[in-house]
Amino acid sequence: MRRRSLLIAVPAGLVTLAACGDEDSGSSKASDSATPQASDTSTPPPPKIVDGPLPAITAGTKFGEKPTVAKGSGEPSKDLAAKTVIAGGGKAVAENDFLVADYLGQIWASAKVFDNSYDRKTPIVIQLAQGSIIDGWRYALTGKKTGSRVQFSVPPAYGYGDQGSEQAGIKGTDTLVFVVDVKDTFNAKSSAKGKEIPQDDAALPKVGTNTDGAAPSIEVPDTAAPKKLVADYVIEGDGPEVGAQNTVLVQYKGVVWDGGKEFDSTYSRKQLTSFSLQQVVKGWSQGLTGKKVGSRVLIVIPPDLGYGDNPPEGSGIEKGATLVFSVDILAKM
């Protein structure tokens, strides 16, 4: 099983897509996660951010390379020390954005590396939101631009608190050092990016191709629903293909075939969603596996790959309903 990041402040719940998953898809099992629980203490006030001290990066100095970081010298700052090592020219990261980044974390006093994404060859995709990630990340990375490498040290109050993380070997007195390569950032206005694919089949729904962050239209034809799964590109991105084991970050909108009524949407909630393809209905996992990041995909899910005769209570989905989704695949991890 893929080892999860140690950065998250609380176990990250997996989306239910308005219960659009298996019965247990709304939560991650504690045994699956290496994530420490959030501290029960009150949230500290915003930190003072200073320039240093910070230990030297002695190897892997280019953006995207795994860095080697020296042991901290002397006492670390009691404030949050942060500097931009490489200045990127991309989008600015805002608080509550979903960040795509490679990173390495180590302990100031020993230089022991307790976590890094470079060896996993998969960047982290995580929301810079209170309760989703340690506060040191929120404060150090908000406002930085994609393409930047940022180094910062995090005192315990803005890391794992007095309890530390036994699993990671982090004591409650440890200051942590991170190097983060900011690769991309997404928010509620993010959309697919790629080439439009003709939608020529009159028997299938037509999905809007706008990429302005607004919800695309879904026009369902007045015909019988298909009996088999449909998963077609509306916009084909040029990113890597999604694997069956991946977690994806998406925008989506769902309507029922009969009548075209919307029953769920990230656009209406103004909040992106991430979920594991192993923890949603089969129509979602089968429909998105093999599709490219950056794409918009039309998915038509017959009842046997959706909810069948057991739709979620209060969802507005009838028994035996065929479901239609527009899904923008923004990132994978």
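At a glance:
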item: Sole exception among (1) in contact (Cβ under 8 Å) with a residue 24 or more places away in the chain; (2) closer than 22 Å to ALA203 by Cβ for GLY320, by number; result: (1)
item: Criterion (at pLDDT 95 or above and out of contact with any helix residue (DSSP H, G or I) (no Cβ under 6 Å at 6 or more places or on another chain)) met by exactly one of GLY283, GLY294, GLY308, GLY314; result: GLY294
item: Residue list for the stretch 32-59, filter: modelled with pLDDT of 50 or more and surrounded by 15 or more Cβ atoms within 10 Å (Cβ to Cβ); result: PRO47, VAL50, LEU54, PRO55, ILE57
item: Residue match in the stretch 226-236 (condition: without any contact (Cβ under 8 Å) to a residue 60 or more places away in the chain and surrounded by fewer than 16 Cβ atoms within 10 Å (Cβ to Cβ)); result: no
item: Pick from the stretch 120-174, criterion touching a Leu at 6+ places or on another chain (Cβ under 7 Å) and assigned to a helix (DSSP H, G or I), ranking: farthest from GLY64 (Cα to Cα); result: TYR158
item: Residue list for the stretch 77-91, filter: open to solvent by less than 30 Å² (accessible area, probe 1.4 Å) and within 24 Å of the chain's Cα centre (by Cα); result: ALA82, GLY88
item: Near pairs, Cβ below 9 angstrom, 6+ apart or cross-chain, from the stretch 281-292 (charged (D, E, K, R)) to any residue that is assigned to a helix (DSSP H, G or I); result: LYS282/ASP304; LYS282/LEU305
item: Filtered residues of the stretch 256-274 (kept if open to solvent by 40 Å² or more (accessible area, probe 1.4 Å) and either under 14 Å from SER315 (Cβ atoms) or touching a strand residue (DSSP E or B) at 6+ places or on another chain (Cβ under 8 Å) (or both)); result: LYS261, GLU262, SER268
item: Hits in the stretch 161-182 (condition: open to solvent by 20 Å² or more (accessible area, probe 1.4 Å) and either at pLDDT below 95 or among the hydroxyl-bearing types (Ser, Thr, Tyr) (or both)); result: ASP162, GLN163, GLU166, GLN167, GLY169, THR173
item: Total residues in the stretch 115-157, condition aliphatic (A, V, I, L, M), within 16 Å of ASP51 (Cα to Cα) and either open to solvent by 10 Å² or more (accessible area, probe 1.4 Å) or touching a helix residue (DSSP H, G or I) at 6+ places or on another chain (Cβ under 8 Å) (or both); result: 2
item: Test: residue in the stretch 99-114 that is at pLDDT below 90 and either within 25 Å of GLN167 (Cα to Cα) or surrounded by 14 or more Cβ atoms within 10 Å (Cβ to Cβ) (or both); result: no
item: Members of the stretch 187-207 that are open to solvent by less than 20 Å² (accessible area, probe 1.4 Å) and either free of Cβ contacts under 8 Å to residues at least 12 places away in the same chain or assigned to a strand (DSSP E or B) (or both); result: VAL207
item: Residues that are in a loop (DSSP other than H, G, I, E, B) and open to solvent by 40 Å² or more (accessible area, probe 1.4 Å), drawn from the stretch 279-319; result: THR289, ASP309, ASN310, GLU313, GLY314, GLY316, GLU318, LYS319
item: Identity of the residue in the stretch 235-255, in contact with a strand residue (DSSP E or B) (Cβ under 6 Å, 6 or more places away or on another chain) and in a loop (DSSP other than H, G, I, E, B), that ends up farthest from VAL207 (Cα to Cα); result: ASN246
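The values are calculated or read from the model by the stated rules, or taken from the named source; none is laboratory data. Treat the numbers as computed from the prediction; the structure is a model and nothing was measured. We place every Cβ from the backbone using ideal geometry, glycine too, and count neighbours over all the protein chains shown. In case anyone asks, the SASA skips ligands and DNA or RNA and just uses the protein heavy atoms, side chains included. Shrake-Rupley method; radii C 1.70, N 1.55, O 1.52, S 1.80 Å.
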